[in-house]
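Worksheet: the structure to be examined is printed underneath.
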Amino acid sequence: MTADNGSEFAELDEMLKEYGSKAYFTHPYSAFERGTNERHNGLVRRFIPRGCIIADLLEGP
């Protein structure tokens with residue numbers, strides 16, 4: 001999961017540990033990283049549409 005450094009994501013890392021997931025945050029005052037983040041999100045969405053359950057894709061036929 002990717003997120004920015006807003007206060008709404010303050011406890012995200014701790015919450016995701018319960019699920020065995022990781023969160024990646026951009027570095028503070030590094031606006032140049034946002035473009036890379038958005039590009040990667042776009043690439044993910046090309047193959048995994050919003051609302052799709054990723055686990056369903058991993059199970060196979």
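Numbers below:
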item: The chain - percent relative contact order, Cα under 8 Å, separation 6 or more; result: 28 percent
item: Exposed GluC sites (Glu not before Pro) absent: longest stretch of the chain, with sites in DSSP loops and at most 12 other Cβ within 10 Å deemed exposed; result: 19-61
item: List Tyr24, Tyr29, ordered by accessible area with a 1.4 Å probe, largest first; result: Tyr29, Tyr24
item: Accessible surface of the stretch 9-50 [probe 1.4 Å, protein heavy atoms]: carbon and sulfur percent; result: 57 percent
item: Per residue value of the accessible surface for the chain (all protein chains in place, 1.4 Å probe), Å²; result: 90 Å²
item: Cut-off 12 Å between beta-carbons: net charge of the residues surrounding Ser21, Lys and Arg +1, Asp and Glu -1; result: -1
item: Under the Karplus curve 6.51 cos²θ - 1.76 cosθ + 1.60, θ = phi - 60°, whole-Hz ³J(HN,Hα) for the stretch 29-37, x wherever Gly or Pro sits; result: 6, 10, 4, 5, 6, 4, x, 5, 4
item: Lys/Arg +1, Asp/Glu -1 at C-beta; the chain dipole; positive extreme among His27, Met15, His40; result: His40
item: Option label - log10 I(q)/I(0) by the Debye sum over Cα atoms at q = 0.16, 0.17, 0.22, 0.26 Å⁻¹ computed here, alternatives (1) -0.42, -0.47, -0.75, -0.98; (2) -0.56, -0.61, -0.85, -1.06; (3) -0.67, -0.75, -1.07, -1.17; result: (3)
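The values are calculated or read from the model by the stated rules, or taken from the named source; none is laboratory data. What you see is a predicted model; the values in this text were computed from it and never measured. Note that each Cβ is placed from the backbone with ideal geometry, even for glycine, and that neighbours are counted across all protein chains shown. We work out accessible area using only protein heavy atoms, side chains counted, and drop any ligands, DNA or RNA first. Shrake-Rupley method; radii C 1.70, N 1.55, O 1.52, S 1.80 Å.
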